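Below is one structure; the comments refer to it alone.
Read the figures in this text as sums done on the coordinates, not as results from a lab. Predicted, not measured: the structure shown is a model, and the values here were computed from it. Cβ coordinates were reconstructed from backbone atoms using ideal geometry, including for glycine residues, and neighbour counts include every protein chain displayed.
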């Protein structure tokens, strides 16, 4: 009985920490020749209506692509079309605590908090074929009360982690 109670409380407490973790993934077309991509143009994705965060995302992606040797072009011939997609979801975070003597009455409490989780996906499409050749994605719990500086830092860090595996290495 004690083991079951402890396992339940520990499981509930760990569930809350799983939700808070940041997840970064990427995928790519193994047949794409990434060495021929030298410049890019932005195209519309699922953009944020919040112009301040929209600009933060674009600046962060621009910085990552520039660091990888890309040049941004507004018109004309381009190698890659870049779009970002942002979405939000609500999850529950459960925090639990139990106490009591080994023998006898036990007590415990649990609180449930709704949290907002944001996902940022960056797509790179071959401009000639219009096929996606690379996609990076980051998911993280968002703090609605974060300062503008903190928002900027979080977006830059997400972009840096997303592009960590670009260009991809075929195995």
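At residue 35 and residue 94, where each label point lies 7 Å from the Cα along Cα→Cβ, what is the point-to-point distance in nanometres?
5.3 nm
Expressed in nm to one decimal, what extension gain is obtained for the pair residue 22 and residue 146 from 0.36 nm per residue of sequence separation less their Cα-Cα distance?
43.0 nm
I'd like to know how region 27-167 sits against the 2.2 N^0.38 Å rule of thumb: what's its Cα Rg over that expected value?
1.43
For residue 157 and residue 43 in the same chain, what is the full-extension length gain: residue separation times 0.36 nm, less their Cα-Cα distance, in nm?
Gain on extension, residue 157 to residue 43, equals 38.8 nm.
Hey, could you get me the Stokes-Einstein D for region 17-94, Kirkwood radius over alpha-carbon pairs, 25 °C and 0.890 mPa s, rounded to whole µm² s⁻¹?
D = 163 µm²/s.
Among 129, 78, rank each residue by its count of other Cβ atoms within 10 Å, from fewest to most, as a rough exposure measure.
Exposure proxy ranking, most exposed first: 129, 78.
Would you mind ranking 70, 97 by Cβ crowding within 10 Å, fewest neighbours first?
97, 70
Under the 0.36 nm per residue contour assumption, what length would be gained going from the current alpha-carbon distance of residue 87 and residue 67 to full extension?
Full extension from residue 87 to residue 67 adds 4.6 nm.
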